[in-house]
1. Extending each Cα 7 Å along its Cβ direction at residue 126 and residue 297, get the distance between those two points in nm, one decimal.
2. Any idea how far apart residue 33 and residue 174 come out in nm if each label point goes 7 Å out from Cα toward Cβ?
3. Looking at the chain only, what percent of DSSP beta bridges run antiparallel? Nearest 5 please.
4. Pulled fully out, how much extra length does the chain show between residue 470 and residue 338, if you take 0.36 nm times their separation in residues and subtract their Cα-Cα distance?
5. Helix 10-20 against the longest principal axis of the chain: what's the angle in degrees, Cα atoms only, rounded to the nearest 10?
6. Might you report the magnitude of the Cβ-based charge dipole of the chain about its Cα centre, with Lys and Arg at +1 and Asp and Glu at -1, to the nearest 20 debye?
7. Compute the separation of the alpha-carbon centres of the stretch 360-406 and the stretch 245-305 and state it in Å as a whole number.
8. Net charge around residue 115, counting only other residues with Cβ within less than 13 Å of its Cβ (Lys, Arg = +1; Asp, Glu = -1)?
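Please treat every number below as a calculation from the coordinates, not as lab data. Note that this is a predicted model, so its numbers are computed, not measured. Cβ atoms come from the backbone with ideal geometry, glycine included; neighbour counts cover every protein chain shown.
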Amino acid sequence: MDTDHKPVDELEIFKKILNRTDEGVNVVDKNGVLIYVNRVSAEYCNSRPAEMVGRQIEDFYPNAVLLNVIRTKKAVLGEKIHFVGKKKYVCSSFPIEFGGKFYGAYSVFRDVQEIEDLNRRVRYLEMQVSLTKPEKDMDSVVNYGGTLNEVFNKAKRAVGSIGGPRHSIITGESGTGKTMLANLMYNYAKKIGVIAENAPFIEINCAQFTNPDIAAMEIFGSEEGAYTGSKKKQGLFEQAHGGILFLDEAHTLENYQNLLLKAIESGKIRRIGGGKDISINVIIIAASTRDLKDVLLPELYQRLAQYEMYLPSLRERSREEKELLFSHFVKKYEQAVMEAHNISYHVKFTPEAREMLLRAVYPRNVRQFRDVINYSIDSSSPLIEDIAGQNEIVNTVTAKDIPFDIAEIEIPDEIKTKKESQPKEEKITPAVEKLIDKMINEGKGPRKISNELKSMGYPIEYYKVAYYIKINKK
Ligand SMILES: Nc1ncnc2c1ncn2[C@@H]1O[C@H](COP(=O)(O)OP(=O)(O)OP(=O)(O)O)[C@@H](O)[C@H]1O
Ligand SMILES: [Mg+2]
């Protein structure tokens, strides 16, 4: 047994450990002079421990909680977020006392910027999902003046007629709602019990395959050794059994139209390289931006086209319908903000901005219309960090928030000059800056400042004051 170990310097061991932790550690004496700084803390200030030790903590952390702890000799547990420049951290600080004697204080802090960024990202993604969330049923889709009545009638018949469901075709330009309609048909089929509640909806984008052999194996499945290295695999057709198979961009089917026709005619498929027939029961919905009559084998077209639905482009829809779509997407945005941030958000548009959005040409139709509206609202909205604590916000989208390529539309002067309904400019002018500065010095917070400014006739929202303070008073 080795008994020859040297006496260990415990302090050195502790220092080593403290340098390895992910938390920042500062220790000060009772005068606020740093007597220990670990690696994380030094990195936080872009400095080195050796340069920091011996100096006042406020040289590096201007608002250090440790200064309070020295004064009050009481611990402060971290809940509040502190800033060093743009970095954010949560900090707990404790007094150091031995035998009733006060020596100083130490703090342990943790960076929360990363967590905040992550949270923000998650919330952003959630927002995007709810903004692009398709409508659940035919009743919640915008259908002004019954533009889509005929389409919906056929859609219902295709999946729900008494003689059993049929395959069908949806055509229309990109972004007119083909995928949406296929999903509505799926939901409708479930609602009326034609397919089970947990029935599959399998979507295949036929254009995604560059190699026809791989496409065939993906769709029809394969048995081991069908091609070199190929595995036993269930195809998408089989996966759709009992539900809906949505063949998007069906005009690119070319290479395997025959296999598809056979599957439809016989109700059976055979995996590539396999010898066994497998019975499949699926409702096929084929979608395309092209007229499928021109591109599919006539027999296949006939099999699919018993119900053919055409979705009109945005250009073919009335001004009133566009207005309804417009309000629909704005409301969706407001709801998404409510869900993500619990804020009741009211989006308004200046007459000019609204007119630009309604008159623009959208080659990618409803989807693009929706995306441009969302983008414009995004661009005019306050930052999340500037709205903390508020539960109601009114926001106005102006012409400058609209994306550049759309913004080139000519708007008649009478709409541009209809300024009376536009809100008063809520800019922080130099005069307002002076007022804000004065109120900050009086120890007032952004909310109080905003209220006082409003009572003085400057309608400046709380988050704008908070933003001004953040940018200018660091
Ligand atoms: N009548 C409508 N009411 C409400 N929203 C609609 C309507 N029509 C389309 N949309 C919206 O437009 C979006 C785009 O539609 P969709 O993705 O279904 O178009 P698509 O025809 O499948 O386009 P692509 O050919 O590019 O695949 C949908 O997610 C939906 O939110
Ligand atoms: Mg689609």
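1. About 5.0 nm, to one decimal.
2. 7.0 nm
3. Details: 29 of 54 bridges.
Counting DSSP beta bridges with both partners in the chain, the antiparallel share is about 55 percent.
4. Working: separation 132, 0.36 × 132 = 47.52 nm, distance 2.52 nm.
The residue 470-residue 338 span can extend by a further 45.0 nm.
5. Taking Cα atoms only, the helix is inclined about 30 degrees.
6. Values: 68 positive and 67 negative charges, 182 e Å.
Taking the Cα centre of the chain as origin, the dipole is about 880 debye.
7. Each part reduced to its Cα centre gives a spacing of 41 Å.
8. Summing Lys/Arg as +1 and Asp/Glu as -1 gives +1.
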